[in-house]
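Worksheet for the structure shown next.
Computed from the coordinates by the stated procedures, all read-outs in this text should not be read as laboratory data. What you are looking at is a predicted structure, and each value in this text was computed from that prediction instead of being measured. Positions of Cβ are generated from backbone atoms using ideal geometry, with glycine treated the same way; all protein chains shown enter the neighbour counts.
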């Protein structure tokens, strides 16, 4: 089975976000990790390989340091990596990135494409689904259970207030969410092996794009940092009294109840 | 010339989702401000009866697409049908709720239309040069991106509880246009087999106006009954922190935070929750935060509008009694 996993390197979940002088997100000094949702996708890809055999190819977009994320996925058990790295990527949006990924995948075989349901940095959750659209294959998002049987998959996805079971023909894009599996930690032998695995680095020109082809559909006007919430009043006292006071406050001052 | 603000109405079992009503109300305001018509698209099966309600919430025109193949949401069929009506109608903007359906449908639809998408927005403003601009939280609410597009239509999904659904106006009427759905076999490569919605009297977490949430301080699964009683008095939902989910006390679907649900209720009551940065990311846009925690140094107090340093097992039941008196 040919399994592709699209991953993204993101800031650590503890990272403090500040803006640089041109109102962009400051990336200096931030610890980078594999987007947590993508770890579920990597794990599921490796599990599929363990069950059916095949090759797990990890694909990502970004600067040279994204190789670290791909190597980590390889240490978990992925076989190959493709990093699309180009200064012009900075000026692309979700539309452009999906087009780029689709082009990068046009030369390899895939039976299933896995990705995280959302990246915790831009929180958009668009690229994997857009990729499915470019490739003209179905997609199922926010998946917590995946069973592959030949060219069909039975997938349980989270919906508001419950779950839905979807039968989908392969190839398809599946986006993973928490609950799908417990991602393994890279083993020491895994880390050693990962260093020798094939990691191709390609540019947009290699894929046949010029910067004009990728003019973004969305324009980011600026970024801002929300005003930090201020601590309000903090009270201690006898339970009955504080409960009564809170109820009064919510009704009379906050006007919520 | 592109025209109109379109709202894609989401319904479940012929009941309109609250976020769709919120979008109609806000869409009405923008329509009045810009002179654009407000168009609602209602799709599903057996949905004609919803037109009256949609009209009362402000739509000038309603496009009804009724087909048994649309009875349950599937990505392929919904994308195909909406792509067609949007290409024909050429709206300025198309708005959806950032629900499970919206998150799945909007990126696919945007790409088929060849346009951008502002996902999970918590702000929308009219803009003199580009018609509408959007604000969306990034880095789980630690920053905002402000964005717009010159490509038409502008698509956006809006987070539930961002806008307030106004009062319906029973005198309002709308033009109703019925469209037929053309669904190809290729649209049906993903087939919905079964939908299981947990029977609950409580509102869905992301839609709830009031959320009572418990963390490690709950000490056990059985103690969540205390929070359920509190939530039920005010028609709220019950959530939890990651700690309570990892301990096995609550199911994953109740988790609020960076790797769980992002919520924006009017009132969030955090009980026995320390306030890890990942939790704050999921509930930091609540309008009013109450924290009950024994530890006066707990981080949750740094964001709480109202903090009670005390034992939740004493305070929460008494709060239930106080709330009962208020809502009587």
| request: Give the percent of DSSP beta bridges with both residues in chain A that are antiparallel, rounded to the nearest 5. | output: 40 percent
| said: Using the Kirkwood formula on the Cα atoms of chain A, what hydrodynamic radius do you get, in angstrom to one decimal? | reply: 20.4 Å
| query | Dividing the alpha-carbon Rg of the stretch B:170-216 by 2.2 N^0.38 Å yields what? | reply | 2.09
| field | Quarter of the Cα convex hull surface for the stretch B:286-327, i.e. its orientation-mean projected area (nm²) | value | 3.3 nm²
| message | Strictly greater than 16 Å: what percent of every Cα pair in the stretch A:124-224 meets that? | response | 74 percent
| request: Within 10 Å, count the other beta carbons around each residue, average over each peptide in A:154-161, B:257-264, and list them highest first. | output: B:257-264, A:154-161
| request: Please work out the C-alpha center-to-center distance from the stretch A:1-69 to the stretch A:117-167 and express it in whole Å. | output: 18 Å
| field | Cα-based helix-to-principal-axis angle, B:18-34 vs chain B, degrees rounded to 10 | value | 60 degrees
| note | Connecting every pair of Cα atoms under 10 Å apart in chain A and solving the GNM, the largest mean-square fluctuation among A:119, A:247, A:153 falls on A:247
| query | What's the average, rounded to a whole number, of partner chain beta-carbon atoms within 10 Å of each residue's beta-carbon in A:129-139? | reply | 5
| request: State the antiparallel share, in %, of DSSP beta bridges confined to the protein assembly as shown, rounding to the nearest 5. | output: 35 percent
| request: On a 0 to 90° scale, report how tilted helix B:75-89 is relative to the longest principal axis of chain B, with both axes built from alpha carbons and the result rounded to the nearest 10. | output: 50 degrees
| task | Could you please tell me the mean projected area of the C-alpha convex hull for chain B, averaged over all directions and given in square nanometres to one decimal? | result | 17.8 nm²
| said: Taking the Cα centroid of the stretch B:100-117 and of the stretch B:252-325, what is the distance between the two, rounded to the nearest whole Å? | reply: 34 Å
| note | By the mean-Cβ-within-10 Å protection proxy, highest first, B:151-164, A:43-56, B:95-108 rank as B:95-108, B:151-164, A:43-56
| query | Expressed as an acute angle from 0 to 90° and rounded to the nearest 10, what is the orientation of the C-alpha long axis of helix A:36-52 relative to the principal long axis of chain A? | reply | 40 degrees
| said: Considering the Cα positions of the protein assembly as shown, please state its Rg to one decimal place and its Dmax as a whole number of Å. | reply: 23.9, 72
| Going by a ≥ b ≥ c, the root eigenvalues of the Cα gyration tensor, does the stretch B:200-265 fall in the rounded group (a/c under 1.5), the prolate group (a/b larger than b/c) or the oblate group? | oblate
| Is there a simple number for the mean count of other chain Cβ atoms within 10 Å of the Cβ of residues in B:68-75, and what is it? | 2
| query | Looking only at other chains, what is the average number of their beta-carbon atoms within 10 angstrom of each beta-carbon in A:209-220? | reply | 4
| task | Would you order A:95, B:249 from fewest to most other beta-carbon atoms within 10 Å of each residue's own beta-carbon? | result | B:249, A:95
